[in-house]
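Just below is one structure, and these are the notes that go with it.
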Amino acid sequence: MNLIEKILAKGSGRKSVAPGDIVVAEVDCALLHDLSARSCREVFEKKVGGKIAHPERIVTVFDHQFSPPSEEKAAVLLANRRFCYEHGMPLYDCGSGNIHNVAMQNGHIKPGALVVGSDSHSPVQGVMGCFCAALGNDSYAATVMPFSKAWFRVPETIRIELTGQTMPGTTARDVALWLCAEIGEGKINYQAIKFCGEYIQSLSFWDRWLFTLMAVDVGAKAAYIEPDRTTIDFANGLGLEDYEIVTDDPGTTYAAEWRWDVGKLEPQICFPPTVGNVAPIREYAGTPVQWAELGGHGGGRLVDFEMAAQVLRQRRKNDHVNFNLVPGNRHIFREAMKSGQAALLHEQGATWFPASTGSNQAVNMGAMAEGESMISTHVRNFPGRNGSPKAQMFLASALSVAAAAAAGKIVDPREFI
Amino acid sequence: MTSSTETRAFQTARRGRAWMFGDNVPTDQIVATKVVFSPMEVVLKHVLEELKPEFPANVRPGDLIVAGVHFGQSSGRAIAPKAIQAAGVGCIVAESFARTFLRNCYEIGLPIIECPGASRLARDGDVVSVDLESGTVRNETTGQALQGNPVDPFLLRMLAAGGIIPLVRRTGSDLGATNT
């Protein structure tokens, strides 16, 4: 069995499972954000009710709203908050950060665990060597909350090996964007991905994050990286204890095995209307942008602000671009303050926002008017997701976002390093 | 526990007018973020309007949605299938579905079926019939027939129960899955 099969077998009390089996398994951790907490709470209270089996396992992060913009939104957050308090479920309130970042940084995700999330990008947590898939409201209300269980069809797994080392200016984000297009949107629907190879192994934990993050965009149910020294050091650094290192059995076979070399890859850009549209960023050089943002599920990592600080060390941001910085969690902002990068980016004209999921869906920030464009580290670019359906969202690396903020237009970031 | 006894009362055959949609339709364009938390009667005025402005006013109970690959990608918002269900759509036929959307559909009791070739099967307004159990999909207007993927017995039982919440009431926390 592979890592996912072993976790699903253990969780469902079986000796073994195979792709296609439907199992009901014990959930170790379940994640909700302010939007999904509302839907799940409403379904649970209206149609199910009663006690929550393991309240300590259900983690809520208010991440789309760092401060409610209306009385109606405040009332929803209040109802969510009361629901958490009433049942004794952990809550990370406004200003804590992005759901995935916060859950990871605060030790809720352990190697070998069975995790579920309400957000579609939940498979990102597989970077820890655990299983994590997204579930809908009714699964939460029907089985996760009352029984701490969920049903799963055991997925087939595709092994993706990345070899080589990237050129200067090409970051892990560029590779992940490019790989999404290489595989194709929705191309490996319902299946899981194992990411491996010398390139993946060479990456830091938070750069590996960008690969399991994009799994959902190619349709995958889950993704994982087998735990290694990098994973264990990261887990121990968080103070995690009592975790289980699960790896693939020797001789494990996969539904498919694909390999790419990343050595010749240039910096990339993903252009509207969907995440499968990716090209070398030089092809879009010169496109004006009015907004640039480091934040969201794919950004707001400490390394993103380090890259931005490199670009803006000697220059201010362009006057015609608003450059917004949104830490993925509070720890990241503290580290950016300690290193002086927070002050540097502020002095060069960027604007710090509270730790949150930033402009994702423009719930609390990030709406654009018709004709405006944004370049960001976000993960989605569907028309209408950030204000006007006639606004454009470009997705790129933190280096490319910062370079565009400095230039006032999309540029090849290699001009800035 | 067999599927046939549990699903006897459940109608696995569906027939209705087709509404055609393309590939990779995101939930953002089924129910836009701006109305996600509005009352259903408001949501229904906007369901799928970005792709077919005439859909909200003209969809009738029993109509079918027929679409390309990766239908329902993006956000896992359950309001997207719930709005399609509330609009009266009897079944969604697509080449493939995004998995959170697929899961949400079965869990709320909205029948869906995967059918390779579906995107070229019909035009808006053609009458299409589907059988969830056998997986057959047929354009009654043109006579063209396709073989879709029969719905898994476990999921058929979930549909027959009316979704995961009523299924749990019937089976308890193991959902009757231990025998599948």
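Read-outs: derived from the displayed coordinates by stated rules, not from any lab. As the structure is a prediction and not an experimental result, all values here were calculated from the model. Backbone-built Cβ (ideal geometry, glycine too); neighbour counts: all protein chains shown.
Can you spot the lysines whose alpha carbon is less than 16 Å from A:K409's alpha carbon? Ignore those fewer than 8 places along the same chain.
Of all the lysines, those that pass the test against A:K409 - Cα under 16 Å, at least 8 places apart if same chain - are A:K317.
Using the Kirkwood radius built from alpha carbon pairs, what does the Stokes-Einstein equation give as D for the protein assembly as shown at 20 °C and 1.002 mPa s, in µm² per second?
Values: Rh = 24.3 Å.
Stokes-Einstein gives a translational diffusion coefficient of 88 µm²/s.
So for the pair A:E161, A:D93, with labels modelled 7 Å out along Cα→Cβ, what separation do we get in nm?
Roughly 5.1 nm, to one decimal.
Just in segment A:296-349: which GluC sites (Glu not before Pro) are loop by DSSP and have at most 16 other Cβ atoms within 10 Å? Intermediate values should be presented prior to the final figure.
Values: sites: A:E306, A:E335, A:E347; in loops: none.
Filter output for segment A:296-349: empty list.
Using DSSP, restrict attention to beta bridges with both residues in chain A and report what percent are antiparallel, rounded to the nearest 5. Kindly include the intermediate steps, with their values, before the conclusion.
Working: 11 of 52 bridges.
Here the antiparallel bridges make up roughly 20 percent for chain A.
In whole angstrom, note down how far apart the Cα centers of segment A:231-277 and segment B:114-180 are.
Here the answer is 34 Å between Cα centres.
List the residues whose amide H sits under 5 Å from the amide H of A:Y190, counting only those 5 or more places along or on another chain, with H placed 1.01 Å from N in the peptide plane.
Those qualifying (amide H under 5 Å, at least 5 residues apart or on another chain) are A:K221, B:R99.
Where the centre of each part is set by its Cα atoms, how far does segment A:124-141 sit from segment A:161-177, in angstrom?
What the calculation gives is 26 Å, centre to centre.
Out of residues 5 or more away from A:I269 or on other chains, whose amide H comes under 5 Å of its own, with H placed 1.01 Å from N in the peptide plane?
Correct list: A:A279, A:I281.
Going by average Cβ density within 10 Å per residue, which order do the peptides A:208-218, A:194-204, A:246-256 take, highest to lowest?
Working: A:208-218: 26.7, A:194-204: 18.5, A:246-256: 13.0.
Most protected by this proxy first, the peptides run A:208-218, A:194-204, A:246-256.
Which whole number gives the average, over all residues in B:97-106, of C-beta atoms from other chains lying within 10 Å of the residue C-beta? Show your work: numbers first, answer last.
Working: counts 4, 9, 14, 11, 2, 3, 11, 6, 1, 3.
For this peptide, the per-residue mean of nearby foreign Cβ atoms is 6.
Would you mind classifying chain B by shape? Square roots of the alpha carbon gyration tensor eigenvalues, ordered a ≥ b ≥ c; an a/c under 1.5 is rounded, otherwise it is prolate if a/b is larger than b/c and oblate if not.
Numbers: a/c = 1.82, a/b = 1.20, b/c = 1.53.
Judged from the Cα gyration tensor, chain B comes out oblate (a/c at least 1.5, b/c at or above a/b).
Could you work out the mean count of beta carbons from other protein chains within 10 Å of each residue's beta carbon in B:161-174? Provide the component values of the computation, followed by the final result.
Working: counts 0, 0, 3, 8, 10, 2, 4, 8, 3, 0, 1, 2, 9, 7.
For this peptide, the per-residue mean of nearby foreign Cβ atoms is 4.
Which of A:K47/B:K82; A:K51/A:K149; A:K73/A:K390; A:K73/B:K34; A:K73/A:K221; A:K46/A:K221 have a Cα-Cα distance over 24 Å? It would help to have the intermediate numbers written out before the result.
Details: A:K47/B:K82 15 Å; A:K51/A:K149 14 Å; A:K73/A:K390 26 Å; A:K73/B:K34 13 Å; A:K73/A:K221 31 Å; A:K46/A:K221 29 Å.
Listed pairs above 24 Å: A:K73/A:K390; A:K73/A:K221; A:K46/A:K221.
Can you tally the net charge around A:D21? Count Lys and Arg as +1, Asp and Glu as -1, for every other residue whose Cβ sits under 15 Å from the Cβ of A:D21. Kindly include the intermediate steps, with their values, before the conclusion.
Values: positive: A:K6, A:K10, A:R14, A:K15, A:R153, A:K221; negative: A:E5, A:E156, B:D152, B:D174.
Net of charged neighbours comes to +2.
Which shape class, rounded, prolate or oblate, goes with segment A:165-302 when its Cα gyration tensor gives a ≥ b ≥ c as root eigenvalues, a/c under 1.5 marks rounded, and past that a/b bigger than b/c marks prolate?
On the way: a/c = 1.89, a/b = 1.46, b/c = 1.30.
Since a/c reaches 1.5 and a/b is larger than b/c, the shape of segment A:165-302 is classed as prolate.
Could you work out, residue by residue across A:112-122, how many beta carbons of other chains sit within 10 Å of that residue's beta carbon, and then give the average as an integer? Working shown, then result.
On the way: counts 0, 0, 0, 0, 0, 1, 5, 3, 10, 2, 2.
Shielding by partners across A:112-122 averages 2.
Among A:D207, B:D152, A:D119, B:D28, which comes first, second and so on when ranked by fewest other beta-carbon atoms within 10 Å?
Details: A:D207 19, B:D152 15, A:D119 26, B:D28 22.
Result, fewest neighbours first: B:D152, A:D207, B:D28, A:D119.
Please give the Cα centre distance for segment B:40-58 versus segment A:36-75, rounded to the nearest Å.
Rounded to whole Å, the Cα centres lie 27 Å apart.
For the protein assembly as shown, what is the mean residue ellipticity at 222 nm derived from helices alone (per DSSP H run of n ≥ 4: -39500 (n - 2.57); sum divided by total residues; nearest 500 deg cm²/dmol)? Numbers along the way, then the final one.
On the way: 19 runs with 164 residues, N = 597.
My calculation for the protein assembly as shown gives -7500 deg cm²/dmol from helical runs alone.
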